[in-house]
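Enquirer: Mind having a look at this structure? Questions to follow.
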């Protein structure tokens, strides 16, 4: 007599759900490792964007959406010479997928231009080259020394100066009293836009 297997449809759908959830979680965890200020995507023998401008100390995550790619900011694959980047960097190759696989994250602490390519096969020869331009960070804030929120490290005035929110209204030099020196400070900038 033939033995019949009893397959519980609830168990099958539960296993399918768990399998899908596991795949989804694995995909998310590979991207979660790529948390950064900016993103560069590798696919079709190119990096996008091809030129990226960022601030000093910011990070860039490299995401592989298709193919087998690395990120080579050390030796120019086309010439065999050093890129002479402010800091060399290299991220090992990985296989990409449609969800995006994290190649790695690089933090750029030195100002300057960083050139890089994909050193796999003939990818660089096919145009898989790019650059990141790192610009010095600029501190903005209130640059008027008589304002309540004066920022001595600010290089650029951002229009946030407050002169009416001081603890003692009119005490522009913060000496705890409203005196003629406060009036002189006020008159010195009369007519200037804060």
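Enquirer: Return yes or no: is residue 138 under 28 Å from residue 89 (Cβ atoms), at pLDDT below 85 and surrounded by fewer than 18 Cβ atoms within 10 Å (Cβ to Cβ)? Walk me through how you get there before you give the answer.
Expert: Details: under 28 Å from residue 89 (Cβ atoms): yes; at pLDDT below 85: yes; surrounded by fewer than 18 Cβ atoms within 10 Å (Cβ to Cβ): yes.
For residue 138, the condition - under 28 Å from residue 89 (Cβ atoms), at pLDDT below 85 and surrounded by fewer than 18 Cβ atoms within 10 Å (Cβ to Cβ) - is met.
Enquirer: Mind checking which residues of the stretch 88-107 are under 18 Å from the mean Cα position of the chain (by Cα) and either over 18 Å from residue 117 (Cβ atoms) or loosely packed, with under 14 Cβ neighbours inside 10 Å (or both)?
Expert: Of everything in the stretch 88-107, those that are under 18 Å from the mean Cα position of the chain (by Cα) and either over 18 Å from residue 117 (Cβ atoms) or loosely packed, with under 14 Cβ neighbours inside 10 Å (or both) turn out to be 100, 101, 102, 105, 107.
Enquirer: So, one more: Please find, within the stretch 109-128, the residue that is nearest to residue 38 (Cα to Cα) out of those that are surrounded by fewer than 20 Cβ atoms within 10 Å (Cβ to Cβ) and within 21 Å of the chain's Cα centre (by Cα).
Expert: 109
Enquirer: Please state which one of 42, 61, 99 is at pLDDT below 95, in the same structural domain as residue 127 (by TED's automatic domain parsing) and outside any helix (DSSP H, G or I).
Expert: Working: 42 fails: at pLDDT below 95; 61 fails: at pLDDT below 95.
Matching residue, one of 42, 61, 99: 99.
Enquirer: Among the residues of the stretch 69-85, which ones are assigned to a loop (DSSP other than H, G, I, E, B) and either surrounded by 14 or more Cβ atoms within 10 Å (Cβ to Cβ) or touching a residue at least 60 places away in the same chain (Cβ under 8 Å) (or both)?
Expert: Once the filter is applied, which keeps residues that are assigned to a loop (DSSP other than H, G, I, E, B) and either surrounded by 14 or more Cβ atoms within 10 Å (Cβ to Cβ) or touching a residue at least 60 places away in the same chain (Cβ under 8 Å) (or both), the stretch 69-85 yields 73, 74, 76, 77, 83, 85.
Enquirer: Has the stretch 11-30 got any residue that is touching a strand residue (DSSP E or B) at 6+ places or on another chain (Cβ under 8 Å), modelled with pLDDT under 50 and either on the phi < 0 side of the Ramachandran plot or not assigned by TED's automatic domain parsing to the domain that holds residue 119 (or both)?
Expert: Taking the stretch 11-30 and keeping what is touching a strand residue (DSSP E or B) at 6+ places or on another chain (Cβ under 8 Å), we get 30.
With modelled with pLDDT under 50 added as a condition, the list becomes 30.
If we keep only those that are either on the phi < 0 side of the Ramachandran plot or not assigned by TED's automatic domain parsing to the domain that holds residue 119 (or both) as well, we get 30.
For the stretch 11-30, residues touching a strand residue (DSSP E or B) at 6+ places or on another chain (Cβ under 8 Å), modelled with pLDDT under 50 and either on the phi < 0 side of the Ramachandran plot or not assigned by TED's automatic domain parsing to the domain that holds residue 119 (or both): present.
Enquirer: What number of residues within the stretch 111-143 are assigned to a loop (DSSP other than H, G, I, E, B) and either in contact with a helix residue (DSSP H, G or I) (Cβ under 9 Å, 6 or more places away or on another chain) or free of Cβ contacts under 8 Å to residues at least 40 places away in the same chain (or both)? Spell out the reasoning first.
Expert: Step one: of the stretch 111-143, the residues assigned to a loop (DSSP other than H, G, I, E, B) are 111, 118-128, 136-139, 143.
In the following step, the residues that additionally are either in contact with a helix residue (DSSP H, G or I) (Cβ under 9 Å, 6 or more places away or on another chain) or free of Cβ contacts under 8 Å to residues at least 40 places away in the same chain (or both) were identified as 121-122, 138-139, 143.
Number satisfying all stated conditions: 5.
The values are calculated or read from the model by the stated rules, or taken from the named source; none is laboratory data. Predicted model only: the values in this text are computed from it and were never measured. With ideal geometry, Cβ positions are generated from the backbone for all residues, glycine too; neighbour counts draw on all protein chains shown.
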